[in-house]
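I have placed the structure first, in the form of structure tokens, so that the comments after it can refer back to it.
The values are calculated or read from the model by the stated rules, or taken from the named source; none is laboratory data. This is a predicted model, so every value here is computed, not measured. Neighbour counts run over all protein chains shown; Cβ positions are idealised from the backbone, glycine included. Each accessible area value is taken on the protein alone, full model and side chains, heavy atoms only, with ligands, DNA and RNA left out. Shrake-Rupley method; radii C 1.70, N 1.55, O 1.52, S 1.80 Å.
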Amino acid sequence: MKGAGIREVGGPVEEVDLPEPASLKSDEVLIEVQAAGVANWDDLVRTGAWDVGITPPMALGVEAAGTVRQVGAAVSRFEAGHQVLTHSAPLRHQGAWAERFVAPEAHVARKPVAMEITVAGAFGVPALTAYQVLAAMLNVQAGEAVLIHGAGGVTGGMLAAVAAAMGARVIAVAGARNKERLKQFGATAVLDRDSSWQQAAKRLADGAFPAVVNAVRGATASVLPLVADNGRLATITGDPPASERGIRIGNVYVTADGYALERLAADFANRGLTLPVAAVVGLAQGSSALAEAVAGSPGVVVIDPRQA
Ligand SMILES: NC(=O)c1ccc[n+]([C@@H]2O[C@H](COP(=O)([O-])OP(=O)(O)OC[C@H]3O[C@@H](n4cnc5c(N)ncnc54)[C@H](OP(=O)(O)O)[C@@H]3O)[C@@H](O)[C@H]2O)c1
């Protein structure tokens, strides 16, 4: 089958010929890929900074949506023809930027009918990251004020959407172009990241926040002063500062979870929400798609392997 990926760690993204998935293990689902998310974390896989369990030559990509073609003997939640989405790592066969993708049933979710396939293909990592930060690490409570720094990104926006769904009072810091979308996602206030937003944020939280999330690379230390004494701070950019004032600091990395993903996708679609789509390209454009995602695209970037 055809894919887009690397021939060596650190090498350029190219079209690659890959072996077809062999016979499925009993817990595996074979998905005909219609959309696979391209995002900045794929560059971590390309450069060897994120080990997803396989070695080059390999397709990149850790999230996808498409149609189930075949299931292993022990799979009970899916059958051929179901529309699904997944974030899966470690990888079972190849990355998701390929015609077919194999994932264990436990990493797979039913796609809501109302969710566009392109959106579903790029939903897995951002949604699961947001949920794992807000529910597992921060244990956000209804009515609590939560600051989301970097809410303009795809994962940043999902943090705002999931926090709002948990009943939090969401204060989002983002570029002005994202304001309307974040309000629609349920943010109480959206502060322009190019203003002196820290003063406004403090006013909105009576001085400091019980819970803060950073989604801007290298910026976690800069938001520490906004966290209340004995509060909680989560980063998804791998840069936790040393703790002070009794603050609990979490450095969160996404974990595959098809059951949580199914609930998150259903909730997002039921709220009538969607993600902006910046680009849908074929496998031959994998390299430029990754460059666009790394540069910070105004929405999700997706590979559709059926496109020329
Ligand atoms: N740990 C994990 O498991 C995990 C999971 C997912 C993502 N991540 C990481 O989290 C980060 C964000 O992911 P993403 O999907 O949201 O990225 P993204 O879609 O590429 O968005 C990045 C956004 O950050 C905003 N930004 C940049 N500099 C900023 C600043 N100084 N202040 C406020 N906002 C700023 C920009 O938004 P504006 O348009 O508002 O300017 C930009 O669009 C990435 O580094 C990613 O690798 C980690």
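Brief remarks follow.
- R92 accessible area, assembled protein chains, probe 1.4 Å, Å²: 100
- Divided by 2.2 N^0.38 Å, where N counts the residues, the Cα radius of gyration of the stretch 1-138 comes to 1.01.
- The Cα center of the stretch 176-252 and the Cα center of the stretch 3-75 differ in position by 34 Å.
- Label sites at K183 and K2, each approximated as a point 7 angstrom past Cα along Cα to Cβ, lie 4.4 nm apart.
- Carbon + sulfur, % of accessible area of the stretch 1-119 - ligands and nucleic acids excluded, 1.4 Å: 49
- Reachable lysines, given that their alpha-carbon falls under 28 Å from the alpha-carbon of K2 and they are not under 8 places away in the same chain: K25, K111
- The chain: angle of helix 258-270 to the longest principal axis, Cα-based, in degrees nearest 10: 70
- Spacing of the modelled spin labels on R248 and S195, each 7 Å from Cα toward Cβ, amounts to 3.3 nm.
- Taking the longest Cα principal axis of the chain as reference, the axis of helix 286-295 is set at about 0 degrees.
- For the stretch 126-251, the Kirkwood hydrodynamic radius comes to 13.8 Å, computed from all pairs of different C-alpha atoms.
- Tilt relative to the chain, helix 154-165 - C-alpha long axis, 0 to 90 degrees, to 10: 60
- Nearest-0.05 FRET efficiency for R271 and A221, computed from C-beta distance (R0 35 Å): 0.55
- Heavy-atom surface analysis with a 1.4 Å probe gives the stretch 126-251 a carbon and sulfur content of 48 percent of its accessible area.
- Surface accessible to a 1.4 Å probe, per residue, for the residues of the chain, Å²: 40
- Length gained when the stretch E20-A114 is fully extended (0.36 nm per residue, less Cα-Cα span): 30.7 nm
- Mean separation of Cα contacts under 8 Å, 6 or more apart, over the residue count of the chain: relative contact order %: 20
- By the rule of a C-alpha distance below 21 Å, with chain neighbours fewer than 8 residues away ignored, the lysines paired with K183 are K202.
- Computed helical MRE - 222 nm, the chain, DSSP H runs ≥ 4 contributing -39500 (n - 2.57), nearest 500: -6500 deg cm²/dmol
- Ordering of 149-162, 66-79 by burial proxy (mean other Cβ atoms within 10 Å per residue, highest first): 149-162, 66-79
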